[in-house]
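Data first, discussion second: the structure below is written as structure tokens.
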Amino acid sequence: MSFPNDPHACKRKQFINLVLKRVKPGTGSSLDFLNQRIWVHPVTNLNAIVQQAPFVVVGGIATRLYMPERMTLDLDILVLAEDAPSIYEDLARSGGQRKGELSIDRSQWQLEDGTALDVTQSNANWAKEAIANPNYAADGLPIIALPYLVIMKLTASRTQDLADVSRMLGNATDSELQEVRRAIEVYLPSALEDLESLISLGRLERDF
């Protein structure tokens, strides 16, 4: 079965089924590690650069709020398509250089301090909600809320994305999981079964 808004659904299901056959309870990292929420590696202060329109940080940096930090040097942000020209203007004014297009809705920049920045633009309703309702990191950066980060990672369905979803959901509270379920039911219903499998995998890592 194909899903127009979920092109990697079949690949995702195959990966999850393979992992479910092999995983055993409690075979992941220690609970002390899994419970960590740290922000050790500093990132560029985008609040000082992007000032004309709102954005949220997504990608590997965003996962720091929801699971143990993993080393990543790249920054990724999500913006509304209608705001993209203003944000590009801010980036260029601050010394950023546009390096190219990764896809129709994604561009790559290099900031003045050498940071690689990927900008994803969207007019989807979930993206509008995500940008309007961020969480905030210790340094004040607006971070995409967990339900919308899960939507992005399930849609991409790369191996690292699915591993991130499993670990983040394994760490999530029951109320957080309900928020994620509601968002997936509305915006990516084809992934509901996979979502429950990834929650189970995340909890198996914690030996729940």
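Here are a few things to note about the model shown:
- Residue match in the stretch 9-23 (condition: assigned by TED's automatic domain parsing to the domain that holds GLN97, within 15 Å of GLN160 (Cα to Cα), at pLDDT 75 or above and part of a helix (DSSP H, G or I)): no
- The residue of the stretch 102-131 that is farthest from ILE87 (Cα to Cα), among those that are acidic (Asp, Glu) and not in a loop (DSSP other than H, G, I, E, B), is GLU129.
- Only a single criterion out of (1) surrounded by 17 or more Cβ atoms within 10 Å (Cβ to Cβ); (2) of a type outside the set (Gly, Ala, Ser); (3) within 18 Å of the chain's Cα centre (by Cα) is not satisfied by LEU111, namely (3).
- Within the stretch 132-162, being of a type in the set (A, V, I, L, M, F, W, C), surrounded by 19 or more Cβ atoms within 10 Å (Cβ to Cβ) and not in a loop (DSSP other than H, G, I, E, B) holds for ILE143, LEU146, LEU149, VAL150, ILE151, MET152, LEU154, LEU162.
- Neighbours by Cβ (under 8 Å, 6+ apart or cross-chain): first from the stretch 174-196, touching a residue at least 40 places away in the same chain (Cβ under 8 Å) and farther than 17 Å from ILE144 by Cα; second of a type in the set (Gly, Ala, Ser) and in a helix (DSSP H, G or I): SER190/ALA9; ALA191/ALA9; ASP194/ALA9
- Cβ-Cβ under 6 Å pairs, at least 6 apart or on other chains, the stretch 1-17 side closer than 10 Å to SER190 by Cβ, far side at pLDDT below 80: ALA9/PHE3
- Whichever residue in the stretch 45-81 is touching a strand residue (DSSP E or B) at 6+ places or on another chain (Cβ under 8 Å) and assigned to a loop (DSSP other than H, G, I, E, B) and, among such residues, is farthest from LEU177 (Cα to Cα): VAL50
- Of the criteria (1) surrounded by fewer than 14 Cβ atoms within 10 Å (Cβ to Cβ); (2) modelled with pLDDT of 75 or more; (3) not assigned by TED's automatic domain parsing to the domain that holds THR173, which one MET71 fails: (2)
The values are calculated or read from the model by the stated rules, or taken from the named source; none is laboratory data. For clarity, every value in this text was computed on a predicted model and none was experimentally measured. Every residue, glycine among them, receives a Cβ derived from its backbone with ideal geometry; neighbour counts consider all protein chains shown.
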